[in-house]
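So the structure is just underneath, and the comments pick up after that.
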Amino acid sequence: MSYISNLLIALGLATDSFAVSMSGGATISPFRVSDALKFAIFFGGFQALMVVLGWFGGSAMSGFASEYASWIASSLLVFIGARMIYRNLRGSKQRRINSLSYSVLLALAVATSIDALIVGISFAFLKSSILEPAIIIGSVTFFMSLFGTYLGRKMGHFFEHEAKLIGGVILIGLGISLLLLNS
C-alpha cells in the first residue's frame, strides 16, 4: 500500500482513540501533561501492536484465502468503517473517564485498537509489509490522542461524533478503492 493509503487508514483508525482522549481531557481533574502523554502512549502503542498482531495472524491464514485476499481485505475495511458510522449514528455514548489508572488506560487502549487488529489481517491478506503501516498508525494515533486530550480539556465533546463519522467514511472509501484497484 502507498504511504497516503497508510496515512488515511491511520487517520481512520485513530478516530476512536481521539474521541476517547477528548472525553478524558474533558473529565479528568486536575488535568496534567502526564495524563495526555499516558493517553497518547497507551493508544498509539496499542494501535501499532494490534496491527502487527493482526498481520501475524492474517499471514498464518492468508495461504488458505489467497484467491480472495483483496475481497476479504476490502470487506474488512468496509465493515469497520460501516460499524463506526452505525455506532455513531445509533447514538452510542462514549464512556466518560473519571479516573486515569493504568487498568482503565489498558482497557480503553485495547477497546479502541480492536479495529487495528482487523486492519492488520487485511494487510497480511494483501501481502503487504507491516513495519511502515504499524509505525504510521502508531504515530498518528499517538499525536491524535495527545491533541484529543488537550482539545477535550479546552472544548469538551464538540467534535467526538464528527471524528468517528469521518473515520468511518475514510475506511469505507479505502475498502472500495482497494477492491476496484485489485479487480
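What follows draws every value from the coordinates through simple rules; no lab data is involved. Quick caveat: nothing in here was measured; it's all calculated off a predicted structure. Please note: Cβ atoms are built from the backbone with ideal geometry, for glycine as well, and neighbour counts cover all protein chains shown.
Between residue 61 and residue 139, what length in nm is gained on full extension when 0.36 nm per residue of separation is reduced by their alpha carbon distance?
Numbers: separation 78, 0.36 × 78 = 28.08 nm, distance 2.74 nm.
Fully extending the segment from residue 61 to residue 139 adds 25.3 nm.
Projecting label points 7 angstrom from Cα along Cα→Cβ for residue 180 and residue 114 puts them 3.1 nm apart. Listed values for segment 19-32 are Karplus-derived 3J(HN,Hα) couplings in whole Hz (6.51 cos²θ - 1.76 cosθ + 1.60, θ = phi - 60°), namely 5, 5, 5, 4, 4, x, x, 7, 10, 7, 9, x, 8, 10, and x replaces Gly and Pro.
Taking the average, over residues, of other Cβ atoms within 10 Å as the packing measure, peptides 36-45, 16-25 rank 16-25, 36-45 from highest down.
Label segment 111-158 by shape, choosing from rounded, prolate and oblate, from the square roots a ≥ b ≥ c of the eigenvalues of the Cα gyration tensor; if a/c is under 1.5 it is rounded, and otherwise prolate applies when a/b is larger than b/c, oblate when it is not. Intermediate values should be presented prior to the final figure.
On the way: a/c = 4.67, a/b = 2.44, b/c = 1.91.
Prolate.
Once the chain from residue 103 to residue 71 is taken as fully extended at 0.36 nm per residue, the excess over their C-alpha distance is 7.8 nm.
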